[in-house]
Amino acid sequence: MSHLIIEAAGLSDVGSVRQYNEDSILLDAERGLMVLADGMGGHRAGEVASRMAIESLLTTLHDKVALFSPDDDPVTLRPVVEQSIIRANDEIFAAAQSNPNWHGMGTTLAVAVFHGRRVTLAHVGDSRIYRLRFNRLQLLTRDDSLLRDQVELGLIAVADASSSHNRNLVTRAVGIEAQVQPHLRDDEILAGDLYLLCSDGLNDLVDDSDIELIMNSLKVNLPLAVHHLVQAAKDNGGHDNISAILVRLREAAPAEAPRGWLGRLRAWWRSGVGG
Amino acid sequence: MAKLVLSTDGNVVFQYFLDNDRLGIGRRALNQVVIDDPAVSLAHAVIVPVGNDHILEDLGSASGTFVNGNRIERHILQHGDVIEFGKYNLRYMNPRASAETDLDRTMIFAGLQSVAAPGPDDPRPSPERLRIPTARPARARTPKARVVFTVGPRARSTVELDRVVTMFGKPGVRMAVVTRRPHGFFITHVEGDKHPRVNGRRIGAEPRQLRGGDEFEVGDERVEFKQD
């Protein structure tokens, strides 16, 4: 079976209010590696934490992913991704202990590793991963956030959640404690799928229905789609940093029939030359 | 730090500072806030701190609990809220609960449940089913506009531009979108070798703002843009 071609576009924006951008993103379409991190901590330590997470994951996964052939059992990637996040946690936690300015720093993570016909997804904290399939947007991750816990336990009504001040409180992050337990899942991917990794600066301000509409309308032009998502969050207030990565998967072979007599001639010529 | 100001007839009677403990309100002396008024039940209401929030809950009182004139069962207190108890008022003061700046900074907080690794038998609702509304401010401005098709298969029909983006043209061939922003509407080329025309002139790669009366063409469709 042929492999799917991965195309990606990403943006990380300081937003309309903040002075610094504490988000970091990594796109490596060649290796199918996407990482988004939303840092936290005083003295700009959030920037340090999110960048450390990205660099650590890049170093570990870059080499390890290359060791797997896309035809290997895809589940084998799951422990690799998990270990790489645990390692990033160790590094950030150790750095935070060594420098008083960095004490308490940490970061959320959203990770997608595309591999053959599958993707391994991981997240910690309230950064999200969505999938657009058959024009429908689906949230694939469950936020580690106090507000979500409260709503799930029925302590506050869904409708009242927008008046809560607990939106910014995450219950799990990378680098905060000696241990971390990431959420992991594997999915089969289909040609035409669009994946979105984003920080809460996007989904806190743009409704899922608008995210879906923007992705559906602009999926042929990924950089424009990402730009529109970030712009929508800024237009709605942009009170946080906003980051988004869009990934589109398409069939490697040109599936569409050649158009017009010239197209058919070219196709015939190519097939003749190719044998 | 958040506080409650108890007053009657416009005169401040007492101030209570809210820390991390629950605070009972009622006529009985065991309450932290004791209000001696016949309209108040012995144990009338309670305020529970959760994260950055203080949640006010009615304890099945005889006369009910009212915030800013509305009866509530459970309410997340907002800076400046007035809770009414007979002829007494309790005003909730928490500047932090209104300043959006620092509260937006992501911070770590202990979860409310021991979160087991989500497995197939995870009883909690799927992330898809439970959607927490966005924090988009209600004051966000959305201008109104529509287009009237003058040429093409949809000629003489009107389309409201009431969503964040509206598509024009044929996907896969030639397409543009009109984006609704707080300060107006913008047309942007999306795909195809021929960019759309506005008032007869082709636009470039950058978005072009539309003004009332503008005409634009995408493929074989031509429309007139009308803004309120």
Please find, within the range B:55-77, the residue that is nearest to the chain's Cα centre (by Cα) out of those that are in a loop (DSSP other than H, G, I, E, B) and surrounded by fewer than 17 Cβ atoms within 10 Å (Cβ to Cβ). B:68
Within the group A:184, A:132, A:169, which residue is hydrophobic (A, V, I, L, M, F, W, C) and over 16 Å from the mean Cα position of the chain (by Cα)? A:169
Some residue of the range A:135-155 being acidic (Asp, Glu), touching a Gly at 6+ places or on another chain (Cβ under 6 Å) and within 29 Å of residue A:31 (Cα to Cα): yes
If residue A:64 passes every condition in (1) away from chain B (no Cβ under 14 Å); (2) surrounded by fewer than 15 Cβ atoms within 10 Å (Cβ to Cβ) but one, which one does it miss? (2)
The range A:205-218: number of residues that are under 20 Å from residue A:25 (Cα atoms) and either surrounded by fewer than 24 Cβ atoms within 10 Å (Cβ to Cβ) or in contact with a Phe, Trp or Tyr (Cβ under 9 Å, 6 or more places away or on another chain) (or both): 2
Restricting the range B:10-34 to residues that are more than 34 Å from the chain's Cα centre (by Cα) and not polar (S, T, N, Q), the one surrounded by the most Cβ atoms within 10 Å (Cβ to Cβ) turns out to be B:27
Take residue A:57 and decide whether it is surrounded by 17 or more Cβ atoms within 10 Å (Cβ to Cβ), modelled with pLDDT under 90 and either in contact with a His (Cβ under 9 Å, 6 or more places away or on another chain) or in a helix (DSSP H, G or I) (or both). no
Which one of these does residue B:147 not meet: (1) more than 7 Å from chain A (Cβ to nearest Cβ); (2) out of contact with any Leu (no Cβ under 8 Å at 6 or more places or on another chain); (3) crowded, with 22+ Cβ neighbours inside 10 Å? (2)
Condition test on residue A:36, is it of a type outside the set (S, T, N, Q), under 12 Å from the mean Cα position of the chain (by Cα), surrounded by fewer than 23 Cβ atoms within 10 Å (Cβ to Cβ) and at pLDDT 95 or above? no
For the range B:107-161, which positions are under 25 Å from residue A:211 (Cβ atoms), in a loop (DSSP other than H, G, I, E, B) and modelled with pLDDT of 85 or more? B:142, B:143, B:144, B:161
Top-ranked residue of the range A:177-197 - restricted to ones that are in contact with a Leu (Cβ under 6 Å, 6 or more places away or on another chain) and under 25 Å from residue A:89 (Cα atoms), ranked as surrounded by the fewest Cβ atoms within 10 Å (Cβ to Cβ): A:185
Complete set of residues in the range B:186-214 that are over 35 Å from the mean Cα position of the chain (by Cα) and assigned to a strand (DSSP E or B): B:197, B:198, B:201, B:202
Within the range B:157-176, which residues are within 11 Å of chain A (Cβ to nearest Cβ), under 20 Å from residue B:220 (Cβ atoms) and among the β-branched types (Val, Ile, Thr)? B:166, B:173
Cβ-Cβ distance below 8 Å, separation of 6 or more or different chains: which pairs start in the range A:182-208 with a residue that is touching a residue at least 40 places away in the same chain (Cβ under 8 Å) and away from chain B (no Cβ under 14 Å) and end on one that is surrounded by fewer than 24 Cβ atoms within 10 Å (Cβ to Cβ) and acidic (Asp, Glu)? A:191/A:251
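The values are calculated or read from the model by the stated rules, or taken from the named source; none is laboratory data. Here the structure is a predicted model, which means the values were calculated and not measured. Cβ coordinates were reconstructed from backbone atoms using ideal geometry, including for glycine residues, and neighbour counts include every protein chain displayed.
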